[in-house]
Amino acid sequence: MFRLEKRPTPSRFWTGATPVVAVILTMLAGGLMFGVLGKNPFEVIRTIFWDPLFGEFAWYLRGQLLVKAGPLILIAVGLSLGFRAGIWNIGAEGQYIMGAIFGASVGLAVFPTENRLIYPVMIAAGAFGGWVWAMIPAILKTRFNTNEILVSLMLVYVAQSILAMAALGFLRNPEGAGFPGSRNFNSYPAASNPELIAGTGMHWGVVAAFITVIAAYVLLQKHLLGFQIKLSGQAPRAARFHGVNPTALVVLCMGISGALAGLAGLFEVTGPAGQISIDFNTGYGFTAIIVAFLGRLNPLGILLAGLLMALTYIGGEMASTNLGLPSAAIQAFQGMLLFFLLAVDVLSNYRVRMSMKGTA
Amino acid sequence: MTSAKPVLLSVEGITKAYPGVVANADVSFQIHQGEVHALLGENGAGKSTLVKMIYGLVKPDQGRMTWRGAAYAPSEPRAARAAGVAMVFQHFSLFEALNVAENVALGMENPPALGALAAKITQVSEAYGLPLDPTRMVGDLSAGERQRVEIIRCLLQDPKLLIMDEPTSVLTPQEVDILFKTLRQLAAEGTAILYISHKLEEIRALCDEATILRRGRVVGTCTPRERTAREMAEMMVGAVLTPPERGAKKDWGDNHPALEITNLSVESPIPFGTALKAVSFTVQRGEVLGIAGVAGNGQDELLLALSGEIRTAEGMVKATGVSVGPLGPNDRRRIGFVMAPEDRLGHAAAPDMSLVENAFLTGAVRKGLTRHGFIDWAATRDFADRIIKAYDVRTPGSHVAARALSGGNLQKFVIGRELSQSPDVIVINQPTWGVDAAAAAAIRQAILDRATEGAAVVVISQDLDELLEISDSFAVLNAGRLTAPRPVKGLTIDQIGLMMGGAHGMETAHVPA
């Protein structure tokens, strides 16, 4: 029989190797699934992982990589700080929507004024919108001990309803012939988030994501606050003994993750998406949870995980259009990635032993 | 004197190894009928593994045992019990919500009807001087009474050999007397008793023979009555022990006591914890206050209130005349407090963090390990290395996780971390829990050295000998209330016993299972 034996200290090798093993296992199991669906597994895997980088349309798709990875990384880094502290913000999708609505509202309110200060104010409003939406579960948790997982998740659906209201009502384009959706920010220079270098997909949101990765890395490695975050997640009683105020930490971590999700929404609505529409949100806030764990809740890991996840998004889209795969199969494929990651995760803290008969 | 009695159990060349550690190596000894045999050794010497093999819980790798002349290799406790071996564990396995008779019935192979069993329990408890009412709920019993339930459960099996693992660690001196009377009576009736302990005076008072273990090996046997406690301690440790020395005391001429607790009452934040009720005491600079009491009587809560993990109303906790009740742990460290909670892994230290990070856990403030909120890891590593060196912490280095250390080594690290911060007020719960005698002596010496340098010290401990050795004044925490502290000088063991149990009534002592 196999049995698991707890390691005295977590294995450094396996902490780094588990994501690689998880990706390989996902390819194997996913390939099997694609095979059952009647597709050539090798062709599908190649379409997902290889073609976006080196295939025929790579010149366009490579740029899309950063466009997709930017918001994922930005949100995931914020979530990872809370996850490290044992604070489970599952509602980044809602905070992302609210950030977009708040930021867009500021921009649209002053349309068509041209002023350099407009975009910075919109950025602040976007962060504020996400922060406010995250403060609701944070305050309910600290005041009434509610579960932040449920509250933040339910607030996603509230945010979606507000988004629909905005697109159909208070933010609808007055010159849009009654169609739902706001004005397009791409035709409003003071409030738009353009591609900074043509063909790279690099926009201000991607820049913000890179800065956030570096800041979070420094915070966790060098700063007292990062230590307190890690301590609270690993040993809550030791954290209180050290002097961490659990209430303040919940408010802070929820606030940071909410504000970063709001920023991601603002950069998205003013850039790649262009406008507030009913189907503006595409699940970045949920996928970022996978990205955070795939990146081992480590900022640098999240950077790589965000790029990888963006790749499966783009490649998955290619696979569904070119090879006729149902989009549910692509989502299942992405789900497998998280599943296998959590499953092999056990190797970093446990080693597998063959147990001999007679020993307990 | 023992050779006259027939041999009951003979252990020959028993060896048991676990990954990375040899728990028992070539252990041999004999127990005679009607003999009280001590198994003496420090924590980790291999006592528990040895008795688990006798009780059928663990299988030896090598060696053999004979029971009344026949080969004996119990495959499970049931087989050991059938042969006539019974064991009272250090940690009780009782259901609080059931009464005494029901608990006893649960531990028996073929329990009789509850009425008949209750009558039998009463009969046995009277015969052996262990007063116990079979209809009482176990949840309402004191630790000593709970132990009686376990003992009576064993006695109902009519054992030939009764194994007792550290039985007195939860008892008051009076309860210890009652237990010893019972054990002597049992021995006189022919039951052999294997008595595991590291308390030397008890062994001298009770046992006929002693087998001394050190690092898994038998290092000697003796007749305890003929040896002094120090001689046995030195056999157990394998080194010459020096008692802690107290530096010269001086009058610091303070206007206010270093620590002043006035009518401290707080609810317990711990489920099934004990609330503190109007606890008052003062500790001057250079003074060591020892607080005794059975675990679960408010020790944890007192430490939390002193460390700042529980905030208290203005005026309840004062340091040099200034109220610190509303301050959190780091603010208290800033004005000179250090504290060491009882639970090392998870409370005093973060299990998965390295010793460097754990050094930072409490050393950040007083050692100045941050600059503008950024952590100076080089200085922290240096601090951790110095603790490891000064307190002889056995570890491959400061980079290993706290949970990789043995209990005793982590204990040394935690105590060393606190005592290395030039404190003014020291609060320690169970300072020498789990460490060997030599390290315990070093820790006690370090505490006394800090007191000599002018620190006010509060030591909470269940080890009476330890408290009497290092304390200037002595008080007992019982059901959340603290007796008035009394000077240790001139205190008799009877007075201590009264403070521990008699004054408040033994049945009020509350111990979580």
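Helix-only arithmetic for chain A: the sum of -39500 (n - 2.57) across DSSP H runs with n ≥ 4, divided by the residue total, places the mean residue ellipticity at 222 nm at -23000 deg cm²/dmol. Candidate cross-link partners of B:Lys249 among the lysines, defined by an alpha-carbon separation under 21 Å and a same-chain spacing of 8 or more, comprise B:Lys489. Take each peptide in B:135-145, A:90-100, count the other Cβ atoms within 10 Å of every residue, and average; sorted highest first, the result is A:90-100, B:135-145.
Annotation: extensible slack from A:Gln331 through A:Ile149 equals 63.3 nm (criterion: 0.36 nm per residue apart, minus Cα-Cα distance). Counting Lys and Arg as +1 and Asp and Glu as -1 over every other residue whose Cβ lies under 13 Å from the Cβ of B:Arg481, the net charge comes to 0. Can you tell me the orientation of helix A:148-168 relative to chain A, as the angle in degrees between its alpha-carbon axis and the longest Cα principal axis, to the nearest 10? The answer is roughly 30 degrees.
If we count every other residue with Cβ under 13 angstrom of B:Glu453's Cβ, Lys/Arg +1 and Asp/Glu -1, where does the sum land? Counting the neighbours of B:Glu453, the net charge comes to +2. The lysines whose alpha-carbon is closer than 28 Å to the alpha-carbon of B:Lys160, local same-chain residues fewer than 8 away aside, are B:Lys5, B:Lys16, B:Lys47, B:Lys52, B:Lys59, B:Lys120, B:Lys181, B:Lys199.
Helix A:92-109 axis versus longest C-alpha principal axis of chain A: approximately 20°, rounded to the nearest ten.
Between the range B:309-369 and the range A:97-171, the alpha-carbon centres lie 39 Å apart. Once you order the gyration tensor axes a ≥ b ≥ c over the Cα atoms, which shape class does the range B:288-369 get: rounded for a/c under 1.5, otherwise prolate or oblate by comparing a/b with b/c? Since a/c reaches 1.5 but b/c is at least a/b, the shape of the range B:288-369 is classed as oblate. In a DSSP loop and with at most 11 other Cβ atoms within 10 Å, the GluC sites (Glu not before Pro) in the range A:1-77 are A:Glu56.
Relative to the longest principal axis of the Cα atoms of chain A, the long axis of helix A:327-344 lies at roughly 40 degrees. Using the Cβ of B:Pro134 as centre and a radius below 15 Å, the other residues enclosed give a net charge of -1, where K and R count +1 and D and E count -1.
Considering only alpha-carbon pairs that sit under 8 angstrom and 6 or more positions apart, the relative contact order computed for chain B is 16 percent. For A:Lys222, a cut-off of 25 angstrom between C-alpha atoms picks up these lysines, skipping any fewer than 8 places away in its own chain: A:Lys230, B:Lys367.
Our note on the geometry: Cα centres of the range B:203-224 and the range B:265-287, 39 Å apart.
Every number in this text was worked out from the coordinates using simple rules, so none of it is lab data. A quick note: this is a predicted structure, and the numbers were derived from the prediction, not measured. Cβ coordinates were reconstructed from backbone atoms using ideal geometry, including for glycine residues, and neighbour counts include every protein chain displayed.
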